[in-house]
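S.K.: The structure's right below; bear with me while I get my questions together.
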């Protein structure tokens, strides 16, 4: 059996952490895709409002060094979270990017 990629394991852990965070709200029902693949990782339904929300869970990645922009300027980004953009299809569907809470949040 092949070994799992470290990033895959971190992604699975992030999804489970966010699911656990959502369970703290007793008014939310949490749904996850059967095969674990696709544009959406979690769908929630608010039982009071009937509102559905779709989320793509991202594991938190921290910049290890400062960033040199294309224009040549050095950006002081070491230690900051790398924010991941939504795909065009995710934007069209209204999918939100969500990160697990950091310890102490």
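Quick note: the coordinates plus some simple rules give every number you see, no bench work behind them. Remember, it's a predicted structure, so these values are computed and weren't measured experimentally.
S.K.: Just the projected area, averaged over all directions, of the convex hull on the alpha carbon atoms of region 6-98: how many nm²?
M.R.: 8.0
S.K.: With 5 Å bins from zero, work out the P(r) of region 1-58 over every alpha carbon pair and list the percent per bin.
M.R.: Percent of Cα pairs in each bin: 4, 17, 25, 23, 14, 8, 4, 2, 1, 0.
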